[in-house]
Number of protein chains: 2
Amino acid sequence: MIELEFDKRNGLVPAIAQDYRSGEVLMLAFMNEEAWRKTLDTGIAHYWSRSRRQLWKKGESSGNIQEVREIRVDCDRDSVLLKVHQVGEAACHTGHRSCFFNLIRDGEVVPDGQIIFDPKDRYGRS
Amino acid sequence: MIELEFDKRNGLVPAIAQDYRSGEVLMLAFMNEEAWRKTLDTGIAHYWSRSRRQLWKKGESSGNIQEVREIRVDCDRDSVLLKVHQVGEAACHTGHRSCFFNLIRDGEVVPDGQIIFDPKDRYGRS
């Protein structure tokens with residue numbers, strides 16, 4: 001297996017998911033060694049959920065998986081770039097296409113991103 | 001100042017630098033609160049150097065600074081996306097345009113990235 005520098009950061013490396021066609025950055029998550037191996041083996045993006053402290057196959061429940069089209073690692077082998085096809089169009093649990101929908105403008109945070117679904121419809125009202 | 005979730009990960013958040021025109025992902029680094037504030041205040045990308053354990057104005061010595069054209073933060077406010085103009089074309093100390101020049105193909109790591117300068121010329125032979 002291609003080795004990454006997991007030891008530098010407590011066993012985790014950051015992984016960027018980027019739309020393989022448009023180049024839009026969809027999200028950033030972390031991988032542990034198991035998530036990295038699963039991603040390589042299956043061609044489907046897997047991460048480590050820091051909140052749930054478990055392996056996280058992105059989209060496992062919603063069906064919005066990420067099919068990996070290309071994998072790159074950086075010069076230090078401590079960051080991963082996945083070029084993906086985002087099934088269902090939305091990468092973000094908020095219903096946005098990209099998690100990076102918060103634009104900084106004039107010192108304020110301004111919502112600025114394509115909305116694909118309403119999370120209230122999908123996950124129910126909290 | 002716009003607050004980020006620095007406390008989640010020992011005071012650091014990952015920051016992606018992406019070419020503002022082409023969408024190419026150039027590098028991933030980390031910011032502490034000071035680097036975030038400096039980036040907001042100056043419009044020039046600042047990071048936290050984990051190896052040197054100090055504030056890192058990217059390109060300070062080489063001149064290859066990153067002029068920030070757009071800043072986004074993600075849904076959880078624990079990751080940053082900078083869209084930048086990379087002065088000098090190369091973001092990577094190896095001389096590559098992007099740090100993500102290692103392509104995974106058929107289980108191997110294959111160099112695949114635009115080379116802008118020879119680091120031996122710039123930093124001297126080691």
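The values are calculated or read from the model by the stated rules, or taken from the named source; none is laboratory data. Since the model is a prediction, treat every value here as computed from it, not as a measurement. No Cβ is skipped: glycine too gets one built from the backbone with ideal geometry, and neighbour counts run over all protein chains shown. Each accessible area value is taken on the protein alone, full model and side chains, heavy atoms only, with ligands, DNA and RNA left out. Shrake-Rupley method; radii C 1.70, N 1.55, O 1.52, S 1.80 Å.
Restricting the stretch A:97-126 to residues that are touching a Phe, Trp or Tyr at 6+ places or on another chain (Cβ under 9 Å) and in a strand (DSSP E or B), which is nearest to B:C75 (Cα to Cα)? Among those residues, the one meeting the criterion is A:P111.
Would you check if there is a residue in the stretch B:12-25 being open to solvent by 20 Å² or more (accessible area, probe 1.4 Å) and closer than 23 Å to A:L12 by Cβ?
no
Count of the stretch A:38-64 residues, restricted to those that are in a loop (DSSP other than H, G, I, E, B) and out of contact with any Lys or Arg (no Cβ under 6 Å at 6 or more places or on another chain), is 12. Taking the criterion of being out of contact with any Leu (no Cβ under 9 Å at 6 or more places or on another chain) and among the β-branched types (V, I, T), the residues of the stretch A:26-57 that qualify are A:T42, A:I44.
Of B:E67, B:E89, all but one fail to be of a type in the set (D, E, K, R), open to solvent by 50 Å² or more (accessible area, probe 1.4 Å) and assigned to a strand (DSSP E or B); the exception is B:E67. For the stretch B:26-64, what are the residues that are over 14 Å from the mean Cα position of the chain (by Cα) and open to solvent by 70 Å² or more (accessible area, probe 1.4 Å)? Residues satisfying the conditions are B:E33, B:E34, B:R37, B:K38, B:D41, B:T42, B:S51, B:R52, B:R53, B:Q54, B:S61.
Scan the stretch A:106-126 for residues that are open to solvent by less than 30 Å² (accessible area, probe 1.4 Å) and among the polar types (S, T, N, Q) and the total you get is 0.
Only one of B:L82, B:L103 is touching a residue at least 40 places away in the same chain (Cβ under 8 Å) and open to solvent by less than 30 Å² (accessible area, probe 1.4 Å). Can you tell me which?
Details: B:L103 fails: touching a residue at least 40 places away in the same chain (Cβ under 8 Å).
None of the other options fit; the residue is B:L82.
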